[in-house]
Amino acid sequence: MKSNKGKGLLFLLGLLVVIGIFGYLGYDTLQRSRLITDENGVTSQEGGIKLGLDLAGGVSITYQAKEANPSAEDMSDTQYKLQQRVQTYSSEAEVYQEGGNRINIDIPGVSDANKILEELGKPGSLLFLDENMQTVLEGTDVASATPMIYKDQQTGSNNYEVALTFTDEGAQKFAEVTAANVGKRIAIVYDGVVYSNPTVQAAITGGQASITGMASYEEADRLAATIRIGSLSLELEELRSNVVGAKLGQEAIATSLKAGAIGFAIVCVFMIIVYLIPGLAASIALCLYVALMLILLAAFEVTLTLPGIAGIILSIGMAVDANVIIFTRIKEEIGLGKTVKSAIKTGFAKALSAIIDGNVTTLIAAAVLYWRGSGTVKGFATTLAIGIVLSMFTALFVTKFALNTLYELGFSDKKFYGTRKEKTPVNFLGKKAVCFAISAVLICAGFVGMGINKGSIGGAFNYGLDFQGGTSTNVTFNEDMSLERISSEVVPVVEEITGSADTQTQKVAGTTEVIIKTRTLSVEERQALDAALAERFGVDETKIVAESISGAISTEMKRDAVMATAIATVFMLLYIWVRFKDIRFAASAVIALIHDVLVVVACYALAKWSVGSTAIACLLTIVGYSINATIVIFDRIRENLKLQGAKADLAGVVNLSITQTFTRSINTSLTTFVMVLVLFIMGVSSIREFALPLMAGIICGTYSSVCLTGALWYVMSMKKKKS
């Protein structure tokens with residue numbers, strides 16, 4: 001026993017040293033992520049985690065269409081394509097219209113506007129000219145441009161080119177043009193420079209062409225990137241560029257970090273009180289999880305924004321959930337009379353399938369969202385995926401190692417682990433009709449609320465700036481205003497005029513200018529705001545400039561988000577179907593998932609919560625959270641069906657399974673809810689606006705998992721039995 005204690009102490013010290021090292025690296029990463037403002041007012045970071053526009057600011061570039069009165073369709077198409085282009089700098093970059101002929105690009109985490117302009121390139125025009133110098137094709141006919149590298153068969157040297165793929169209409173036009181110009185040259189001209197002037201050997205009907213003559217792969221890559229801008233519907237010219245400060249400021253970051261630390265401490269204390277020694281092991285593992293999360297966010301250069309924080313919160317909840325599943329199993333095994341050592345081994349083994357299925361299902365969703373999504377959706381998916389992989393690693397390996405180490409140290413008595421005896425199943429199915437009715441009423445109320453909103457505020461929801469656009473007011477103050485003063489003094493004046501908390505502010509570095517973005521203001525409201533700013537801060541009203549701006553989330557981006565969610569749902573359905581070998585499990589999970597989204601959407605409509613980019617993140621978080629909780633219950637149903645055999649009473653199996661997992665459902669939801677609640681209590685107004693729907697989603701996800709999913713599966717199973 002002494003040798004075991006010695007070995008256990010050695011292992012524990014080793015684990016604590018490892019956590020200490022990674023903890024220091026994580027802390028250092030956090031410190032380097034802090035914002036630093038120099039004497040010129042330029043805010044930057046020393047390194048660490050890249051922060052988004054809402055947390056750290058970045059570069060703002062405004063392009064203007066050369067065409068005097070571009071159509072709304074061309075502007076929208078150009079906005080969307082620019083969004084795809086600037087995502088090479090950050091998935092959190094924002095692109096929105098300003099006025100009728102300008103497009104603004106905000107790129108987070110950078111401070112050198114000239115460098116960005118040089119790398120981004122001037123959006124020029126791509127033309128295909130025949131020998132008479134007539135334009136036969138334009139950039140709008142190009143669907144994609146890709147850099148290529150290949151070896152010359154004769155010389156063995158590398159050649160570089162840009163492969164072009166035409167649109168369906170462009171492919172047809174190119175085939176006709178090449179057929180009519182066999183033996184003649186067609187020049188490929190970008191921004192006035194002839195890059196290739198090949199002779200047409202035959203009609204090209206495949207819808208593809210290439211630009212040769214590149215000196216390096218980097219040159220081909222740059223040309224391909226700029227051609228993707230060249231395929232814009234409009235030709236643009238740079239109007240202005242600025243370095244802008246954070247929308248939320250240092251105060252929001254500081255309070256969020258403090259809230260996160262307090263929430264995490266509460267979760268650890270809760271785990272230790274409820275689960276004793278296993279809870280201590282989980283807390284040790286969670287400390288390593290947080291340190292590794294910070295390090296990996298910096299290593300993968302993930303741009304962190306509020307939606308990204310949502311992904312981290314969800315992954316922490318899932319990390320706690322995996323531990324709760326394991327500890328519940330250990331208690332059950334001890335209750336069946338097994339020794340603690342045997343219970344630990346069996347508990348981890350029995351919890352494995354639920355943990356893997358729950359995490360893999362959510363990981364599938366994250367992968368699809370990253371693949372098909374854009375902007376904040378892509379950022380959310382990145383942080384969620386990193387968190388899921390880490391949560392599985394810490395729960396299945398670090399917690400297990402810590403728990404076995406504590407056991408070897410002498411914590412081998414059953415009293416340190418708790419005992420859970422078989423409980424009398426609660427008749428959850430007996431209330432299924434009531435639960436179905438409650439859900440139907442909530443969802444219907446949401447649609448009624450949307451209808452009422454349509455008549456009262458002009459839209460189904462209270463759309464925020466990201467969706468609906470609004471008014472951008474540029475104010476030149478008489479003194480340099482810090483972000484904290486802007487937040488505490490300027491914003492209240494603005495919100496008093498607008499009557500809305502949806503106000504975004506950015507400071508232009510090196511100047512006394514502040515950009516204030518609000519909902520669309522009427523002429524009277526603009527005048528009232530100008531007068532209020534002049535009276536309160538003594539600004540010159542003639543230097544206040546207001547412009548209408550579009551939403552940063554374009555129609556195409558909304559479509560991408562919906563499409564990504566739909567595809568993710570299909571893949572999750574297929575995975576559950578394959579793993580559980582029963583389409584009813586998959587169908588029930590998806591119906592419950594849709595239910596959760598609709599209920600939270602109803603809350604947005606009825607409570608008139610602002611709908612912006614954070615709303616997308618909230619709904620995506622709920623999708624991931626809900627499906628994970630459902631998988632745990634279905635895993636128990638599957639297990640109990642095997643134990644009871646073909647003659648199993650389905651109602652009894654469902655009630656027993658929900659009862660067995662009920663404590664896990666409540667404890668996991670409670671720990672996640674507490675973290676978000678602390679954010680809500682301590683955060684600034686924009687963070688509260690983000691935390692409130694998230695709390696509603698956690699409650700709804702818990703309710704649907706406990707009260708609806710099992711009942712849905714039972715109803716479908718009974719219908720199949722009767723048929």
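The values are calculated or read from the model by the stated rules, or taken from the named source; none is laboratory data. On a predicted model such as this, the values are computed, not experimentally measured, just so you know. All Cβ positions, glycine included, derive from the backbone under ideal geometry; neighbour counts span all protein chains shown. We work out accessible area using only protein heavy atoms, side chains counted, and drop any ligands, DNA or RNA first. Shrake-Rupley method; radii C 1.70, N 1.55, O 1.52, S 1.80 Å.
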key: Distance from segment 598-634 to segment 387-419 (C-alpha centre basis), Å   = 32
key: Environment charge of residue 608, counting only residues whose C-beta is closer than 12 Å and scoring Lys/Arg +1, Asp/Glu -1   = -2
query = If you place +1 on the Cβ of every Lys and Arg, -1 on the Cβ of every Asp and Glu, and leave all else neutral, what size is the dipole of segment 584-646 about its Cα centre, to the nearest 20 Debye?
reply = 100
query = Of 412, 212, 257, which is farthest along the charge dipole of the chain in the positive direction, counting Lys and Arg as +1 and Asp and Glu as -1 at C-beta?
reply = 412
remark   = In terms of the charge dipole of the chain, which places +1 on Lys and Arg and -1 on Asp and Glu at the beta carbon, the residue among 452, 714, 134 farthest towards the positive end is 714
key: Under-5 Å amide H pairs with residue 49, H placed in peptide plane, nonlocal only   = 33
key: Residue-averaged 222 nm ellipticity for the chain, from DSSP H runs of 4+ at -39500 (n - 2.57), nearest 500   = -20500 deg cm²/dmol
inquiry  = Whole angstrom only: what separates the Cα centroid of segment 129-143 from the Cα centroid of segment 195-223?
reply    = 14
note = Filtered hits (aspartates and glutamates, Cα-Cα < 18 Å from residue 184, offset >= 8 within chain) -> 130, 131, 176
query = To the nearest 10 degrees, how steep is helix 650-682 against the longest Cα principal axis of the chain, on a 0 to 90 scale?
reply = 50
request  = Starting from the Cα gyration tensor of segment 331-472, take the square roots of the eigenvalues, sort them a ≥ b ≥ c, and report rounded, prolate or oblate (rounded when a/c is under 1.5, otherwise prolate if a/b is larger than b/c, else oblate).
outcome  = oblate
query = Modelled label-to-label distance, residue 138 and residue 479, 7 Å Cα→beta-carbon offset: nm?
reply = 5.3
key: For the chain, size of Cβ-based charge dipole, Lys and Arg +1, Asp and Glu -1, in debye   = 5380
query = What nm value, rounded to one decimal, do you get for the distance between residue 159 and residue 424 when each label is placed 7 Å out toward the C-beta?
reply = 8.4
message = No solvent, one uniform scatterer per C-alpha: report log10 I(q)/I(0) for segment 398-461 via the Debye equation at q = 0.18, 0.25 1/Å, two decimals.
response = -0.80, -1.01
task = Sequence neighbours fewer than 8 away in the same chain don't count; with that in mind, list the aspartates and glutamates whose C-alpha is under 20 Å from residue 66.
result = 74, 77, 98, 118, 138, 141, 191, 235, 237, 238, 547
key: Residues listed by number, segment 601-618, amide nitrogen under 15 Å from residue 443 label point at 7 Å toward C-beta   = 601-603
ask   = Stretched out fully, how many nm does the piece from residue 524 to residue 149 gain, at 0.36 nm a residue minus the Cα gap?
value = 129.0 nm
remark   = Share of accessible surface on carbon and sulfur in the chain, whole %, 1.4 Å probe and ligands ignored, is 60
ask   = Expressed as a rounded percentage, what relative contact order does the chain have, with Cα pairs under 8 Å and six or more residues apart?
value = 17
request  = Post the alpha-carbon centroid distance, segment 481-510 to segment 689-710, in whole angstrom.
outcome  = 33
message = Before I look further, what does segment 566-723 give for accessible area per residue, probe 1.4 Å, in whole square angstrom?
response = 35
ask   = How much area per residue is accessible in segment 475-522 when the probe is 1.4 Å and only protein heavy atoms are counted (Å²)?
value = 40
Sequence-distant aspartates and glutamates (8 or more away, or on other chains) whose Cα lies within less than 16 Å of residue 720 = 582, 649
key: Estimated distance in nm for a label pair at residue 371 and residue 644, the labels positioned 7 Å out from Cα along Cα-to-Cβ   = 3.8
ask   = Counting Lys and Arg as +1 and Asp and Glu as -1, what is the net charge of the other residues whose Cβ lies under 13 Å from the Cβ of residue 459?
value = +3
request  = Using 0.36 nm per residue of separation minus the Cα-Cα distance, give me the extension gain between residue 181 and residue 269 in nm, one decimal.
outcome  = 23.9 nm
task = Could you provide, to the nearest whole Å², the per residue accessible area of segment 424-470 with probe 1.4 Å?
result = 56
request  = Beyond 25 Å between alpha-carbons counts as too far, so tell me which of 258/331; 345/415; 517/543; 431/719 fall in that bin.
outcome  = 258/331
ask   = Calculated FRET efficiency, residue 360 and residue 548, Cβ-Cβ r, R0 60 Å, to nearest 0.05?
value = 0.85
request  = Mind pulling the angle between the C-alpha long axis of helix 583-607 and the longest principal axis of the chain? Nearest 10 degrees, somewhere in 0 to 90.
outcome  = 70
request  = Round to the nearest 10 and give me the degree value, 0 to 90, for the angle of helix 685-704's Cα axis relative to the longest principal axis of the chain.
outcome  = 50
note = For segment 361-433, the charge dipole (Cβ of Lys, Arg +1; Cβ of Asp, Glu -1; about the Cα centre) points to a positive end, and the Cα of 361, 388, 427 closest to that extreme belongs to 427
request  = List every residue whose amide H lies under 5 Å from the amide H of residue 612, counting only residues 5 or more places away in sequence or on a different chain, with H placed 1.01 Å from N in the peptide plane.
outcome  = 464
remark   = Given a Förster distance of 60 Å, the FRET efficiency implied by the Cβ-Cβ spacing of residue 412 and residue 606, rounded to the nearest 0.05, works out to 0.65
